[in-house]
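Structure, as structure tokens:
The values are calculated or read from the model by the stated rules, or taken from the named source; none is laboratory data. The structure presented is a predicted model; accordingly, all values stated were derived computationally and were not measured. Note: ideal-geometry Cβ built from the backbone for every residue, glycine included; neighbour counts use all protein chains shown. These accessible areas exclude ligands, DNA and RNA; they are computed on the full protein's heavy atoms, side chains included. Shrake-Rupley method; radii C 1.70, N 1.55, O 1.52, S 1.80 Å.
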Amino acid sequence: MMHVSLRQLRTFEAVARLRSFSRAAEEMHVTQPTVSKQIRLLHDEVGLPLIEQIGKKVFLTQAGEQLYTTCADWLETWGRFEQTIADLKGVKQGRLRISAVTTTKYFMPRILGPFCSTYPGIDIALEVINRDRLLDRLARNQDDLYIMGVPPEGLDIECEPFMENPLVVLAPVAHPMARRKRIPFADLANEPFVVREHGSGTRLTVERIFQAHNIPLRIRMELGSNEAIKQAVAGGLGLALLSQSTLNPDLDPAQKEITVLNVQGFPIKRSWYVVYTKNKKLSVVANTFLEFLKAHVALLGPRH
Ligand code: PGA
């Protein structure tokens, strides 16, 4: 029988997920030698190498992949046990794990702030990642709730829309189209675009829209951040299709240099969804957040 500790498994899971000893150490608030020691002990106990390091890169061996899957299941089961205990001890305390796509960073903190003040006993672990990485976490059942704009098809999930998520076309203010009304979508065929990275929900939506119109998407530049895209549009590198949630005139100086084009069919109506696995029994904490989300979003005002 192998003797492994919960701490070793948690450490291994973090190294395998982040593919980095130093980032795992940072996340776990321990030193890197502590992480290396835990992994060495686990190697010795399993009797096979789990991780290979080439230069700074971390790779999982076949045994490591197996252990990673086992760890994810096991940590999920343990998390559920901890939550059940918290639920039994009294409601509204414990840990809430949420994964949210990058673009939600413009409004999630404004929802989580008041939620945390209302329920000080609830800790939030929020992962802000792009859609592909979020789907990976959903498949591994790593969180209680997932917030995204383009829920996947064909999975056994519940998707509840909770807020509008219109998609707009952005251009620099001095762009010749900026003063035109009801621009036909086909006119965008001649324009270069700045787009999000592959794996982003925004990118997927943009590609689907161009495909549906049978118009080629001319990509001038690909950037992994909405903020960088707005700067690129302001700098005249091209147009962009982004969620209206990324626009915050009060906080963003680049905003004065960009404008929303009046293109036919835009803004495209979409929603933000909260998603969870259908057969998962939500914890009291997750249900509390769902209720809060529905009640609070109604108060966020017309811009959302
Ligand atoms: P993204 O997702 O931030 O990964 O682009 C946005 C969305 O799903 O609409």
(request) Find the residue count for the range 126-152, including only residues that are in contact with a Leu (Cβ under 8 Å, 6 or more places away or on another chain), among the hydrophobic types (A, V, I, L, M, F, W, C) and part of a strand (DSSP E or B). (result) 3
(request) Report, by residue number, each residue of the range 21-38 that is closer than 21 Å to residue 142 by Cβ and either surrounded by fewer than 13 Cβ atoms within 10 Å (Cβ to Cβ) or in contact with a strand residue (DSSP E or B) (Cβ under 6 Å, 6 or more places away or on another chain) (or both). (result) 29
(request) Just need a number here: residues in the range 184-209 that are surrounded by fewer than 18 Cβ atoms within 10 Å (Cβ to Cβ) and farther than 19 Å from residue 151 by Cα. (result) 8
(message) Could you check the range 5-20 and list, in sequence order, the residues that are open to solvent by less than 60 Å² (accessible area, probe 1.4 Å) and either under 16 Å from residue 66 (Cα atoms) or hydroxyl-bearing (Ser, Thr, Tyr) (or both)?
(response) 5, 8, 9, 11, 12, 13, 14, 15, 16, 20
(message) residue 56 - would you say it is farther than 19 Å from residue 142 by Cβ, surrounded by 13 or more Cβ atoms within 10 Å (Cβ to Cβ) and at pLDDT below 90?
(response) no
(request) Kindly indicate whether any position in the range 269-289 is open to solvent by 30 Å² or more (accessible area, probe 1.4 Å), modelled with pLDDT of 90 or more, farther than 23 Å from residue 86 by Cα and outside any strand (DSSP E or B). (result) yes
(message) If residue 213 meets every condition in (1) farther than 19 Å from residue 260 by Cα; (2) within 16 Å of the ligand (Cβ to nearest atom) apart from one, which number is that one?
(response) (2)
(request) For the range 195-203, indicate whether the set of residues that are of a type in the set (A, V, I, L, M), at pLDDT 95 or above, in a strand (DSSP E or B) and away from the ligand (no atom under 13 Å from the Cβ) is non-empty. (result) no
(message) Only one of 212, 174 is in a loop (DSSP other than H, G, I, E, B) and surrounded by fewer than 18 Cβ atoms within 10 Å (Cβ to Cβ). Can you tell me which?
(response) 174
(message) Every residue in the range 230-245 that is near the ligand (Cβ under 10 Å from one of its atoms) and part of a helix (DSSP H, G or I), please.
(response) 245
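Matching residues to (1) more than 14 Å from the ligand (Cβ to nearest atom); (2) surrounded by 18 or more Cβ atoms within 10 Å (Cβ to Cβ); (3) among the aromatic types (Phe, Trp, Tyr):
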position: 96; (1), (2), (3): yes, yes, no
position: 102; (1), (2), (3): no, yes, no
position: 117; (1), (2), (3): yes, no, no
position: 123; (1), (2), (3): yes, no, no
position: 146; (1), (2), (3): no, yes, yes
position: 162; (1), (2), (3): no, yes, yes
position: 181; (1), (2), (3): yes, no, no
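Between 112, 155, which is assigned to a helix (DSSP H, G or I) and more than 14 Å from the ligand (Cβ to nearest atom)? First the steps, then the outcome.
On the way: 155 fails: assigned to a helix (DSSP H, G or I).
The match here is 112.
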(request) Could you list, in sequence order, all residues of the range 125-144 that are away from the ligand (no atom under 12 Å from the Cβ) and open to solvent by less than 40 Å² (accessible area, probe 1.4 Å)? (result) 125, 137, 138, 142, 143, 144
(message) Can you pull out every residue in the range 26-49 that is over 12 Å from residue 12 (Cα atoms) and touching a residue at least 24 places away in the same chain (Cβ under 8 Å)?
(response) 45, 46
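Considering the range 203-247 alone, what residues qualify as being at positive phi and in contact (Cβ under 8 Å) with a residue 12 or more places away in the chain?
236, 238
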